[in-house]
Amino acid sequence: MESLPGLASPLGRSPRRCHPARRAAARRCSGAAAVQASTPQTLGVVIVDHGSRRSESNAQLEEFAAVYAAVSGRALVEVAHMEIAAPSIMDALARAVARGATHVVVAPYFLSNGRHIQTDIPALVAEGRAAFPHVRVETADPIGARLCLRRT
């Protein structure tokens, strides 16, 4: 497992505690700007959470991803849900590849290395590797634990 690219210093706090200007910048990000910025970039990031039946809960992941993209400067950022909600990890990998990614880091938005991190997500990522053999697909450590630990 590796660190999520760009997470180490810019996001040492939760998105709710980010400066309001950063949140506003993330919301202003246009689709055209993201596509243009991603043209030379080959690294994609897929941020994946558990997934929920509540759309409000799933929207929180999209907000986090927008803040991450704005703060890190990464244009190729996709979201996915492990189960229950769409898009799936496979869908997000397909979108990242369609946008030009040749290397994708799947970053679990979980607090710890539980069963989903150790078993379920690696199995889903393995399916993605099989579907996109020309793309390097890796799994990062859980984002949540790193964010909590950096609050010292």
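Points to keep in mind about this one:
- For the range 54-103, a tally of residues being assigned to a strand (DSSP E or B) and over 11 Å from the mean Cα position of the chain (by Cα) returns 1.
- Residue check for residue 83: surrounded by fewer than 16 Cβ atoms within 10 Å (Cβ to Cβ) and without any contact (Cβ under 8 Å) to a residue 24 or more places away in the chain: no
- Flag for residue 46 being farther than 18 Å from residue 127 by Cβ and either modelled with pLDDT under 95 or buried (at least 16 other Cβ atoms within 10 Å of the Cβ) (or both): no
- Among (1) outside any helix (DSSP H, G or I); (2) modelled with pLDDT of 95 or more - the single one residue 11 does not satisfy: (2)
The values are calculated or read from the model by the stated rules, or taken from the named source; none is laboratory data. All values derive from a computational prediction rather than experimental measurement. Cβ sites come from the backbone with ideal geometry, for glycine too, and all protein chains shown count toward neighbours.
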